[in-house]
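Down below is the structure, laid out as structure tokens.
The values are calculated or read from the model by the stated rules, or taken from the named source; none is laboratory data. Just so it is clear, the model here is predicted, and its values are computed rather than measured. We place every Cβ from the backbone using ideal geometry, glycine too, and count neighbours over all the protein chains shown. Heavy atoms of the whole protein, side chains included, go into the accessibility calculation; ligands, DNA and RNA do not. Shrake-Rupley method; radii C 1.70, N 1.55, O 1.52, S 1.80 Å.
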Amino acid sequence: MENPFDNNEHGNQAIRVIGILEDAGLEAWLVGGCVRDALLGRPVHDFDIACNALWSETKTVLEASGIHTVETGIAHGTLTAISKGTPLEITTYRIDGAYTDGRHPDSVQFTRSIQEDLARRDFTINAMAWHPTRGLLDPFNGQADLHARTLRAVGEPEKRFMEDALRILRGIRFASQLGFAIDQETASGMRAQASKLDLIAAERIAHELEGLLCGEHVHGALMAYADVIGRVIPEITPMIGFDQKTKYHIYDVWEHTAYAVQYATPEPLTRWATLFHDISKPSTFTVDEEGVGHFYGHAHEGIPLAKRAMKRLKMSPSFIERVAMLVRYHDCPTIPEPKYVKRLLRKLDGDPDLLRALCSVKRADSLSHAPAYRSGVAHAQAIEDCLDLILRESQPFTVAALNISGKDLLAMGMPQGPHIGAALNAMLEAVMDETLPNERAALLRFAREWWSKRETEIKQA
Ligand code: ATP
Ligand code: MG
């Protein structure tokens, strides 16, 4: 077989390290995700080597050849070698002992057999090994499954998911990233063991969900496995099959969401926000006398639901806040003129990247409406064009961009305290409204007038 790692500098380093290990009488293979991705012609992001030696022996051999090593996971038999800047994880062949907690093997046993090491792996496409001269080792027909675009558990599916329920989400994540179908028996095994996901650490679940959401084929994965995803994010469950009863939509809330996620730029922020953008449609639903559905206040009402789900998944507080802002403003009407776009920017913490993300969510949302109601796409584009203009012209939209500072106000005689911030905000509002130029003299004049008015009010009170 041809070298699937051809023309890959990191792959060449991995092959070099395998050569060094084997010259010392050991046996080593490239294994797992890197073999899968190389055979698919996808970019390989990490190289894993499996070796029949214990880490201490591997370390001695490599260091003797001048290769630096780091003891990254020796409890599981993993050593990281750095070959010409390329990090390579080298793990001793192992068999996992019994799993009694549904997430960790009770013990890890090292073995001399690569076949046994491959048998502990999750899916057939992840259970192949490749060697520069011995070629592909594929005891579970992973290559046939790659060709058939199928995800199939190694061994008895239900047992494998019972051992480690994270594999359930890994499988759906691979379906989303690769566009593969999950073999029927494997999918039934996932469903049968989905309750075991409750045992898995929130951070690991969030990590897999993020990969799933950012996948190229996410619509299909969200549609096919909504029930399993609802196990880890129960807040989504009411959206599934929820009829919107409006001409603006041809899909139920969940399928609309699944399309929107697919259309949003493939980055965690936009994908999570799009997943949650209509989360409170079911709870805010009303029907008028004509039988038409409405969802008044759903964007605002969605904030606590989205936050609750993300907190449970132990996502970072700053990320949660950003997602919540996108949920909050996903359907806010904005006139695409600098004055209004700058106001929106202010609501988004003055962060242009957050506004770009909002435009992506708005575009994705609109693209998932009924065909006659997709004008939001052009509208989102107009807002983004306007943002570009604002940035190009360095138009001010933060207090820091004013040509005056708090110090100037103190020097002018204004007392220390909340008035300073209030005065700066009033100036920014006027500058953004284009009723006040961002020039020092004009700003000072404005501040003086503002303060004398405020001082009178205070005295009268
Ligand atoms: P990617 O790196 O693209 O996320 P991957 O398949 O390489 O995908 P890793 O987490 O890097 O995933 O794991 C490397 C390999 O280890 C996998 O290909 C698989 O063979 C094995 N593996 C990882 N996690 C599990 C698991 N939970 N159960 C069984 N085998 C696993
Ligand atoms: Mg990997």
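Is region 326-340 home to any residue that is touching a residue at least 60 places away in the same chain (Cβ under 8 Å), among the aliphatic types (A, V, I, L, M) and open to solvent by less than 70 Å² (accessible area, probe 1.4 Å)? No, there is no match, as no residue in region 326-340 is touching a residue at least 60 places away in the same chain (Cβ under 8 Å), among the aliphatic types (A, V, I, L, M) and open to solvent by less than 70 Å² (accessible area, probe 1.4 Å). Total residues in region 411-438 satisfying the condition of being of a type in the set (Gly, Ala, Ser) and either in a loop (DSSP other than H, G, I, E, B) or in contact with a helix residue (DSSP H, G or I) (Cβ under 7 Å, 6 or more places away or on another chain) (or both): the figure is 5.
Annotation note: Cβ proximity below 6 Å between a residue of region 221-250 that is of a type in the set (Phe, Trp, Tyr) and a residue that is surrounded by 15 or more Cβ atoms within 10 Å (Cβ to Cβ) and modelled with pLDDT of 95 or more (sequence gap 6+ or interchain) occurs for Tyr225/Ile172; Phe242/Asp252; Phe242/Val253; Phe242/Pro282; Tyr248/His369. Looking at this structure, is Leu136 surrounded by 15 or more Cβ atoms within 10 Å (Cβ to Cβ), within 25 Å of Leu313 (Cα to Cα) and among the hydrophobic types (A, V, I, L, M, F, W, C)? Taking the combined requirement at face value, the residue does not satisfy it. Can you confirm whether Ile182 is open to solvent by less than 10 Å² (accessible area, probe 1.4 Å) and not small (Gly, Ala, Ser)? In short, no.
Taking region 28-83 as the range and being more than 16 Å from ligand 1 (Cβ to nearest atom) and on the phi > 0 side of the Ramachandran plot as the test, only Gly66 passes.
The single condition among (1) under 16 Å from Gly293 (Cα atoms); (2) open to solvent by less than 10 Å² (accessible area, probe 1.4 Å) that Asp252 does not satisfy is (2).
Only helices (runs of 4 or more DSSP H) whose full extent lies in region 161-259 are considered here, and the ones with at least 2 residues that are in contact with a helix residue (DSSP H, G or I) (Cβ under 6 Å, 6 or more places away or on another chain) and over 25 Å from Lys307 (Cα atoms) are 166-178, 184-192.
In region 134-162, the residues that are in contact (Cβ under 8 Å) with a residue 40 or more places away in the chain reach residues that are part of a loop (DSSP other than H, G, I, E, B) and open to solvent by 80 Å² or more (accessible area, probe 1.4 Å) with C-beta atoms within less than 7 angstrom, at least six apart or across chains, in these pairs: Gly135/Met1; Leu136/Met1. Every condition in (1) more than 30 Å from Leu402 (Cβ to Cβ); (2) touching a Phe, Trp or Tyr at 6+ places or on another chain (Cβ under 9 Å); (3) among the charged types (D, E, K, R); (4) open to solvent by 80 Å² or more (accessible area, probe 1.4 Å) is met by Glu290 except one, and the failing one is (2). When region 422-461 is filtered for residues that are surrounded by 17 or more Cβ atoms within 10 Å (Cβ to Cβ) and either free of Cβ contacts under 8 Å to residues at least 12 places away in the same chain or acidic (Asp, Glu) (or both), only Leu436 remains.
A residue that is within 11 Å of ligand 1 (Cβ to nearest atom), under 20 Å from Leu26 (Cα atoms), crowded, with 16+ Cβ neighbours inside 10 Å and not aromatic (Phe, Trp, Tyr) occurs somewhere in region 105-117. Of note, Gln177 satisfies the criterion of being within 16 Å of ligand 1 (Cβ to nearest atom), in contact (Cβ under 8 Å) with a residue 24 or more places away in the chain, of a type in the set (S, T, N, Q) and farther than 30 Å from Asp106 by Cβ.
To keep it simple, each residue is scored yes or no on (1) surrounded by fewer than 21 Cβ atoms within 10 Å (Cβ to Cβ); (2) not small (Gly, Ala, Ser).
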{"residue": "His131", "(1), (2)": "yes, yes"}
{"residue": "Ala144", "(1), (2)": "yes, no"}
{"residue": "His147", "(1), (2)": "yes, yes"}
{"residue": "Met190", "(1), (2)": "no, yes"}
{"residue": "His207", "(1), (2)": "yes, yes"}
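Consider region 17-26 and keep the residues that are touching a strand residue (DSSP E or B) at 6+ places or on another chain (Cβ under 7 Å) and touching a residue at least 12 places away in the same chain (Cβ under 8 Å). The one that is farthest from ligand 2 (Cβ to nearest atom) is Leu26.
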